[in-house]
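Step one of this worksheet: look at the structure below.
The values are calculated or read from the model by the stated rules, or taken from the named source; none is laboratory data. Owing to the predicted nature of the structure, the values given are computational and were not obtained by experimental measurement. All Cβ positions, even for glycine, are placed from backbone atoms using ideal geometry, and neighbour counts span all protein chains on display.
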Ligand code: AMP
Ligand code: MG
């Protein structure tokens, strides 16, 4: 037995999922196996990379010990409620307990049709698979909660998108795949019993410390709110735009999940939107905290029957919990942004953060590059940073204030470099990797993964990867491509 599955979700009532096996594919070929992650999961990396292992990763064979399922969920997509979504192209192979004792889902994304596929083909193309692999692993290396990528395989089949593209399967690892939309699926059907079962499952699995609380469901709501607030605050610190913050793409465990048309910003612009389908800018960079709270409000609605017997009382409790979002967000955001500026401590009475961001926006300065150069400025070499401002007067004035604050509350430049990455998965690099992969050249993919695995280290051999795109390299739109 290669997998020691210990499945808890498949033990929930039948209406939580559909039992379904992956669809076999023509001729699987391994593109990439994440060996350190395999080790973390107590999986045998050599076996996974063998012909038998690759067949499992491609969904061509199902291990005897597996009990594959597709889970049911609903969701608000761009604000519109869809009562049934579910895993339309993803199959949960099973759960494993990792070396640290944490339960992790092993899911095949792109493994064929399920009862939730609607009009979709259940498949994934190589582009989105590599994109999710790169960006989720980059997020992990940055220290931001995220699902992980265990493997990418080619299926040997083509999928029809705008054109025919090589098909692929991503093996995704997650604390769980339970979303706000999973709660919505049952709540909107008036299935209070299922909502309670799901909440109990989530507490046992993700928040076991709450099991003994007098009001566990109230505490659960608070903890999910806190984790989402912290997560989005961390996104904001690296210039990440999720792109599809629908309630079905919002993990109850507080991990970043579903890397579709996501992007890291190059030049700083609070209104930045990359997703081709986000016409109104609902999921623009600066809207993300507000949208997270909107999504959490939908979760609170689902939990109302568990919060109090009387609805009015339940609403009052839910409002109180939702009121905690803003402080939870600010705590992480302000401390983190101050640390990026090399300032220790929790308050920004001088307005250093907002003013620096305003300068970046006015000058269309590259977000990641500017903060990394600020580390040099903390070492008394401000020339590189200053050169990023067309009109440096504003920066000079800010700089005086900044140095003054740092006299009292200084973080060493070495510390600053541990929170200001040199390397992020820039769009133009990800795009170049995908284009090369379509020519069956995976060397750029490997190299980008290598660079992004150490985002905070100067890697002189790869200095070009830290650079913003040249004007002709800029990628301003990203696509779901599903
Ligand atoms: P996403 O926007 O990727 O989060 O997907 C939204 C919904 O569409 C989910 O229910 C997916 O399972 C489903 N979906 C996306 N792509 C496909 C596909 N190629 N085949 C079947 N279902 C899909
Ligand atoms: Mg999704």
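Scanning segment 391-400 for residues that are in contact (Cβ under 8 Å) with a residue 24 or more places away in the chain, more than 24 Å from residue 426 (Cβ to Cβ) and under 35 Å from the mean Cα position of the chain (by Cα) yields 394, 398.
When the strands (runs of 3 or more DSSP E) confined to segment 42-91 are screened for residues that are assigned by TED's automatic domain parsing to the domain that holds residue 104 and farther than 16 Å from residue 173 by Cα, those reaching at least 3 such residues are found at 75-77, 80-82.
Here's a check for you: in segment 86-109, which residue that is within 13 Å of ligand 2 (Cβ to nearest atom) and under 24 Å from residue 130 (Cβ atoms) is surrounded by the fewest Cβ atoms within 10 Å (Cβ to Cβ)?
Step one: filter segment 86-109 for residues within 13 Å of ligand 2 (Cβ to nearest atom), giving 86-90, 107, 109.
Keeping just the survivors that are under 24 Å from residue 130 (Cβ atoms) gives 87-90, 107, 109.
On the way: 87: 25, 88: 17, 89: 21, 90: 25, 107: 26, 109: 24.
Applying the filter and picking the extreme gives 88.
Scanning segment 230-248 for residues that are within 9 Å of ligand 1 (Cβ to nearest atom) and either in contact with a helix residue (DSSP H, G or I) (Cβ under 8 Å, 6 or more places away or on another chain) or in the same structural domain as residue 126 (by TED's automatic domain parsing) (or both) yields 246, 248. Residue count for segment 276-298 under the criterion of being crowded, with 22+ Cβ neighbours inside 10 Å and within 29 Å of residue 466 (Cα to Cα): the result is 2.
Here is a check on your reading of the model: is residue 133 part of a helix (DSSP H, G or I) and buried (at least 17 other Cβ atoms within 10 Å of the Cβ)?
Working: part of a helix (DSSP H, G or I): yes; buried (at least 17 other Cβ atoms within 10 Å of the Cβ): yes.
For residue 133, the condition - part of a helix (DSSP H, G or I) and buried (at least 17 other Cβ atoms within 10 Å of the Cβ) - is met.
Of everything listed in (1) surrounded by fewer than 19 Cβ atoms within 10 Å (Cβ to Cβ); (2) closer than 20 Å to residue 307 by Cβ, the single unmet condition for residue 208 is (2). Residues in segment 362-390 that are farther than 20 Å from residue 464 by Cβ and surrounded by 17 or more Cβ atoms within 10 Å (Cβ to Cβ) were compared, and the one that is nearest to the chain's Cα centre (by Cα) is 374.
Taking (1) part of a helix (DSSP H, G or I); (2) closer than 29 Å to residue 72 by Cβ in turn, residue 237 satisfies each apart from (2). In the set (1) under 27 Å from residue 241 (Cβ atoms); (2) more than 9 Å from ligand 1 (Cβ to nearest atom); (3) surrounded by fewer than 24 Cβ atoms within 10 Å (Cβ to Cβ), the condition left unmet by residue 77 is number (2). Does residue 149 satisfy being outside any helix (DSSP H, G or I), within 15 Å of the chain's Cα centre (by Cα) and surrounded by 23 or more Cβ atoms within 10 Å (Cβ to Cβ)? Answer is yes for this residue. Each residue in segment 258-275 was checked for being within 16 Å of ligand 2 (Cβ to nearest atom) and either over 12 Å from the mean Cα position of the chain (by Cα) or surrounded by fewer than 23 Cβ atoms within 10 Å (Cβ to Cβ) (or both), and 2 pass. Note on segment 325-370: residues that are outside any loop (DSSP other than H, G, I, E, B) and under 30 Å from residue 299 (Cα atoms) total 13.
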